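The values are calculated or read from the model by the stated rules, or taken from the named source; none is laboratory data. A quick note: this is a predicted structure, and the numbers were derived from the prediction, not measured. Glycine also receives a Cβ, built like all others from the backbone with ideal geometry; neighbour counts cover every protein chain displayed. Heads up: the accessible areas ignore ligands, DNA and RNA and are worked out on the full protein's heavy atoms, side chains in. Shrake-Rupley method; radii C 1.70, N 1.55, O 1.52, S 1.80 Å.
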Amino acid sequence: MATSTSTRERIVDAAMTLFAEKGYRGTSVAHIEAAAGLTPGAGGLYHHFRTKEEVLAAGIERHLARLSALRDIRGVFGGLGDLRAELIVTARYTLAELDNETELLRILASEARSHPDLVEGAVHRLIDATYAEFATWLAERTGLPAERAEAVAAIGLGALVSARLLTGVLGAAPTGVDDETFVTTWVDMMTNAIGP
C-alpha cells in the first residue's frame, strides 16, 4: 500500500510541476507518467486517477491543504503584543508562503478559463478564507469596526498577493523593490490605515 501512495504522490508532484511549466493542455498523460518515473503511455496514471483533471484537482487540493496555516493568522503571532511586529511577521510569512506556492499560483492563473469551477473553488478557499481571517484578526487586535477591518485586510493582503503574482506568475518584479523595503512600506501603510 505504501508503494501505491508513493506512486500517487509522485504522479501529483510531476503533474503539478508540468502543469505550472507547460499548462494543463500542454501536458499529456504520457508526460506525467514519464516525469513520475512510470512507463510513458502505459496507463500507469490510470491505476491511481480516473482522469488527468482528477490529478489536477488532487494537486490543487494538496496545495490548499498546505496553505491552511496561512489562514490562521492569529496562530502565527503567538501574542507578540506589538502591532508593528505582528504586521511584519504577517507580511514576511505571507510572502514566504506565496513563494512556496508559485506553482499553484501559476496553475490557477493559467487554468482559470479552461477549468473555471475547479479554479474558482480553489481561489475562494485560498483567498476568501485568508482575507476573512485577517480581517477578523485586525478587528479583534485593533478595535477597528468590522467593515473597516475588511477593507484594510483587502488592501493589505491584496498588496502582498499582487506582489507575488507579479513576480511568480508574470515574472515582473514591481519596480525592483526588494522584499525588506516592500515589507517596511507595507507595515507603514497598514499602521496608517489602522490608525491610532
From phi via Karplus (6.51, -1.76, 1.60), per-residue ³J(HN,Hα) for the range 83-92 in Hz, x at Gly/Pro = 4, 4, 4, 5, 5, 4, 4, 4, 4, 5
message = Apply the Karplus curve 6.51 cos²θ - 1.76 cosθ + 1.60, θ = phi - 60°, to the phi angles in the range 95-101 and return the couplings in whole Hz, x for Gly and Pro.
response = 4, 5, 5, 5, 4, 5, 10
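Can you send over the carbon and sulfur percentage of the accessible area for the chain, probe radius 1.4 Å, protein chains only?
55
With +1 on the Cβ of every Lys and Arg and -1 on the Cβ of every Asp and Glu, and nothing else charged, how large is the dipole of the range 93-195 about its Cα centre, in debye rounded to the nearest 20?
180
Let me spell out the model: positive unit charges on the Cβ of Lys and Arg, negative unit charges on the Cβ of Asp and Glu, origin at the Cα centre of the chain. What dipole size does that give, in debye rounded to 20?
It comes to approximately 400 debye.
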task = Could you go through the range 40-45 in sequence order and give the Karplus-derived ³J(HN,Hα) for each residue, using 6.51 cos²θ - 1.76 cosθ + 1.60 with θ = phi - 60°, rounded to whole Hz, and x for Gly and Pro?
result = x, x, 8, x, x, 4
Compactness of the range 87-154, expressed as Rg and Dmax over alpha-carbon positions, Å = 14.2, 42
message = Using the Cα centre of the chain as origin and beta-carbon charges of +1 (Lys, Arg) and -1 (Asp, Glu), tell me which of PHE182, SER114, PRO196 is placed farthest towards the positive end of the dipole.
response = SER114
Within the chain, longest stretch free of exposed trypsin sites (Lys or Arg not before Pro) [DSSP loop, at most 11 other beta carbons within 10 Å] = 114-196
message = Could you work out the relative contact order of the chain? I mean the mean sequence separation of Cα pairs under 8 Å and 6+ apart, divided by the number of residues, in percent.
response = 21
query = In terms of the Cα gyration tensor, with a ≥ b ≥ c the square roots of its eigenvalues, is the chain rounded because a/c is under 1.5, prolate because a/b exceeds b/c, or oblate?
reply = prolate
Pairwise label distance in nanometres, ALA132 with ARG25, each label 7 Å out on the Cα-Cβ vector = 3.4
Per-residue [θ]222 nm for the chain (sum of -39500 (n - 2.57) over DSSP H runs n ≥ 4, rounded to 500) = -22000 deg cm²/dmol
